[in-house]
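Worksheet for the structure shown next.
Only the coordinates and a few stated rules stand behind these numbers; no lab work does. The shown structure was predicted, so the numbers you read here are calculated from the model rather than taken from an experiment. Using ideal geometry, Cβ is built from the backbone for each residue, glycine included, and neighbour counts are taken over all protein chains shown.
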Amino acid sequence: MGVYVVHVALLAVMFGSIATTNLGLDGMLSIREGEQERFVRGRGPGGLPYHHDLGFSVACEDFRLKTFV
């Protein structure tokens, strides 16, 4: 029984990956501290740039970078 569960789970992961590749949005969202952004920039087929409206804003209130040496 466990063998079937593992194989079904692997098939679900593979089909999910295919769906994400074909239907997903791959882009970049750059936000500076204290600003908000609602558009994602990316590259479509043929390397053509596009902007996608998220329908909501993403804000960066505070950014701190800690390094451990």
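The table below gives the values:
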{"quantity": "DSSP loop chymotrypsin sites (Phe, Trp or Tyr not before Pro) with at most 13 other Cβ within 10 Å excluded, longest remaining stretch of the chain", "calculated": "1-62"}
{"quantity": "DSSP-assigned coil residues among GluC sites (Glu not before Pro) in the chain, each with at most 15 further Cβ atoms within 10 Å", "calculated": "E33, E35, E61"}
{"quantity": "Assigned charges on the beta-carbon of Lys, Arg, Asp, Glu; segment 4-67 dipole about Cα centre (debye)", "calculated": "180 debye"}
{"quantity": "Stokes-Einstein D for the chain, Kirkwood Rh over Cα pairs, 4 °C, 1.567 mPa s (µm²/s)", "calculated": "82 µm²/s"}
{"quantity": "Gain in span if fully extended, F63 to F39, counting 0.36 nm per residue against the direct Cα distance", "calculated": "6.6 nm"}
{"quantity": "Amide H partners (placed H, <5 Å) of C60, local residues excluded", "calculated": "G34, E35"}
{"quantity": "For segment 57-69, Karplus couplings with θ = phi - 60° (6.51, -1.76, 1.60), whole Hz, Gly/Pro x", "calculated": "9, 10, 10, 10, 7, 8, 9, 9, 10, 10, 10, 10, 9"}
{"quantity": "The chain: angle of helix 2-23 to the longest principal axis, Cα-based, in degrees nearest 10", "calculated": "40 degrees"}
